[in-house]
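Q: Quick one: this structure, given as C-alpha cells, is what I'll be asking you about.
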Amino acid sequence: MPDTGVVELVDLRGKSGDHRERQHMSAISTSTGVPTSTDGPVTAVRSPSTGWAAVISLMMGIFSLVTTEILPIGLLTTIGATFGISDGTAGLMMFVPGVLAAIAAPTMTAATAHADRRTVLCLLVVVLAVADFLAAAATAYWVMVVSRVLVGLVIGAFWSIGAGLAARLVPEHQVGRATAVIFAAVPLGSVLGVPAGTFIGDVAGWRAAFVAMGVLTVAVLAALAAFLPSLPPETPTKLSVLREVVRGADTRVGLLVTFLVVMAHFGTYTYVVPFLEDVTGSTRAAITAYLLIYGAAGIAGNFLGGMWVTRNLRATFCTAAALIGSATLLLPLVGRTDPGAITLLVVWGLAYGAVPVCSQTWFVQSSPKTPEAATVLFTSSFQATISLGALAGGLVVDRSSTSVVMLSGGAVAMLVLVAVAVFRREAGAARVKPIG
C-alpha cells in the first residue's frame, strides 16, 4: 500500500460452516476529508486495467468534491467584497454545505438503497457541475447560498455511496492500494485544489475559480460514465442500525471529541485568510503560498497520524488537538509576522492532518460489528461540525476580530484533553467497581 496515510481496518469473523464474512474499512484524513464504505462485500467486477480507470475516476470525483467544498476559504474576502457582506456572513458558504452533507449522508444512503451506484454517482456529479456554474454566475449572495446547498447534498451522498466502491472494481489483492488512491484525493484537494483556486481567483477573479471547478466536474462526469461499471447496491446501511450505533458509550465520546476538535479547526481555519490579511499583513500571493505549505504539512500529518493511531489512538488524538489549540492560541501573538505565522501554520497543518483518521478509527473501534454504519455516522457528524464551526467563527468575527476567533478556537481544542481524561477516569472506575 502506498504511503498515503490510509489505515485499513480488517474485521475477520469466525466461520459458520463454509461461510466466512469479511469486511474491509479504510480511514483517511484532511481538513474537510470523510472516508466511508456503505456497499457490500468485495466483488471484483472488472479487469484490473478497466477497474483502475474507474478507481481514478472516483478519485477525481472526490478531489472535485473536496476542492469545491473548501474553495471559499481562500476566496472569502473577495467574494464578500463582491456582494458587500461581512467575513462572518461570507462564512455561510462553509456552513451551508456542511449542514446539508450531514443530513444527506444517512438519508441519501437509505433513499438510494435500491439504485444502481453508477447512475446515482453520475447524477450527483451533474448536480455538482450545476452548483459550480451557478456560483460562478451568481448575481446575488442568495444565489451563491443556493449553489452551496447543492454542494452539500452532493458531498454527503457521494461520500456515503461512492467512496467505498474500490473493493468492487479491482481484484481483492489490490483493494488496499485502490482505496488509498481514492482517498488520496482528500489531501490533494487541500494541497492543490484550494491554493490553485485561490491563485485563479487572484489572477482572473473568484468567478473564474468556480468556472474551472465546473469544467473539471464535467470531465469527471465523462470519466465516470466511461469507466464506472453498473454496480447494483449490496447490503445498504439502514437508519435503524445508525440509531443503535449512537447508543454506544464509546461512540458518544467519539462524537464529543470529534465535535470539539473539528469545531475548533473550522471555526478558525475558515477565517485564516482574513487573519493573515488583517493581522499578519501578508500579501495575497504570500497567502496562496502559505495555504500550499499548510496543505503539504497536512499530508505529512495524515501519514504520521495513520502510523501512530494504530499504536495509541487517544494519545494521537490528544496530541493533535493540543497542537491545534497551541497554534491557534499563539497566532494572535506570534502570527503578527510572516515567519511566525507560517511556522504556526505548519504546526497546525501537521496536527489537523491526523484528526480525521483519529476520529474515523475511534468510530470504527467503538462499533466493530457495524463498520459501515460507523463510517456514515462519522461522515455526518464531521460535516455537521464543519458547518457549526464556520458559523460560530463567523459570529465571533463579526462581533470582535479574527484574533479573538483564533483564541476561542484554541480554547475549544484544548477541551479535547479534558474530555478524554474524564472518559478514561470514568472507564477505569467502571472496571474496578466491585460487584454486589
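The values are calculated or read from the model by the stated rules, or taken from the named source; none is laboratory data. Nothing here was measured: the structure is a model prediction, and the numbers come from that model. Positions of Cβ are generated from backbone atoms using ideal geometry, with glycine treated the same way; all protein chains shown enter the neighbour counts.
Q: Looking at (1) at pLDDT below 80; (2) under 21 Å from the mean Cα position of the chain (by Cα); (3) surrounded by fewer than 19 Cβ atoms within 10 Å (Cβ to Cβ), which one does His114 not meet, given that it meets all the others?
A: Checking His114 against (1) at pLDDT below 80; (2) under 21 Å from the mean Cα position of the chain (by Cα); (3) surrounded by fewer than 19 Cβ atoms within 10 Å (Cβ to Cβ), the one that fails is (2).
Q: A further question follows. Kindly indicate which of Phe266, Phe275 is surrounded by 20 or more Cβ atoms within 10 Å (Cβ to Cβ), of a type outside the set (Val, Ile, Thr), at pLDDT 85 or above and closer than 19 Å to Met414 by Cα.
A: None of the other options fit; the residue is Phe266.
Q: Can you name the residue in the range 54-86 that is in contact with a Leu (Cβ under 6 Å, 6 or more places away or on another chain) and not small (Gly, Ala, Ser) and is also surrounded by the fewest Cβ atoms within 10 Å (Cβ to Cβ) among such residues?
A: Residue satisfying both the conditions and the ranking: Phe63.
Q: On the basis of being in contact (Cβ under 8 Å) with a residue 24 or more places away in the chain, surrounded by fewer than 23 Cβ atoms within 10 Å (Cβ to Cβ), more than 24 Å from Val66 (Cα to Cα) and not charged (D, E, K, R), does Thr343 make the cut?
A: Considered against the rule, which asks whether it is in contact (Cβ under 8 Å) with a residue 24 or more places away in the chain, surrounded by fewer than 23 Cβ atoms within 10 Å (Cβ to Cβ), more than 24 Å from Val66 (Cα to Cα) and not charged (D, E, K, R), Thr343 comes out as no.
Q: Specify the residue that is modelled with the lowest pLDDT; the eligible residues are those in the range 198-241 that are touching a Gly at 6+ places or on another chain (Cβ under 6 Å) and surrounded by 17 or more Cβ atoms within 10 Å (Cβ to Cβ).
A: Thr198
Q: If you don't mind, another one. Does Val126 count as part of a helix (DSSP H, G or I), surrounded by 15 or more Cβ atoms within 10 Å (Cβ to Cβ), in contact with a Leu (Cβ under 8 Å, 6 or more places away or on another chain) and at pLDDT 95 or above?
A: no
Q: Output yes when any residue across the range 142-162 is buried (at least 22 other Cβ atoms within 10 Å of the Cβ), in contact with a Lys or Arg (Cβ under 9 Å, 6 or more places away or on another chain) and either more than 15 Å from Pro97 (Cβ to Cβ) or modelled with pLDDT under 75 (or both), and no when none is.
A: Checked against the condition, which is being buried (at least 22 other Cβ atoms within 10 Å of the Cβ), in contact with a Lys or Arg (Cβ under 9 Å, 6 or more places away or on another chain) and either more than 15 Å from Pro97 (Cβ to Cβ) or modelled with pLDDT under 75 (or both), the range 142-162 yields at least one hit.
Q: Exactly one condition in (1) among the hydroxyl-bearing types (Ser, Thr, Tyr); (2) under 22 Å from Gly88 (Cβ atoms); (3) part of a helix (DSSP H, G or I) is false for Ser282; which is it?
A: Of the numbered conditions (1) among the hydroxyl-bearing types (Ser, Thr, Tyr); (2) under 22 Å from Gly88 (Cβ atoms); (3) part of a helix (DSSP H, G or I), the odd one out for Ser282 is (3).
Q: Just to be sure, is Ala135 modelled with pLDDT of 90 or more, crowded, with 24+ Cβ neighbours inside 10 Å, part of a helix (DSSP H, G or I) and of a type in the set (Gly, Ala, Ser)?
A: Criteria met by Ala135.
Q: Give the residues of the range 136-148 that are within 21 Å of the chain's Cα centre (by Cα) and closer than 13 Å to Thr68 by Cβ, sorted by residue number.
A: Result: Ser147, Arg148.
Q: Report yes if Gly51 is assigned to a helix (DSSP H, G or I) and under 20 Å from Ile200 (Cα atoms), otherwise no.
A: Judged against the criteria, Gly51 is not a match.
Q: Search the range 314-338 for residues that are modelled with pLDDT of 95 or more and pair each with any residue that is surrounded by fewer than 17 Cβ atoms within 10 Å (Cβ to Cβ) and among the aromatic types (Phe, Trp, Tyr) when their beta-carbon atoms are under 6 Å apart and the residues are at least 6 apart or on different chains.
A: The qualifying pairs do not exist here.
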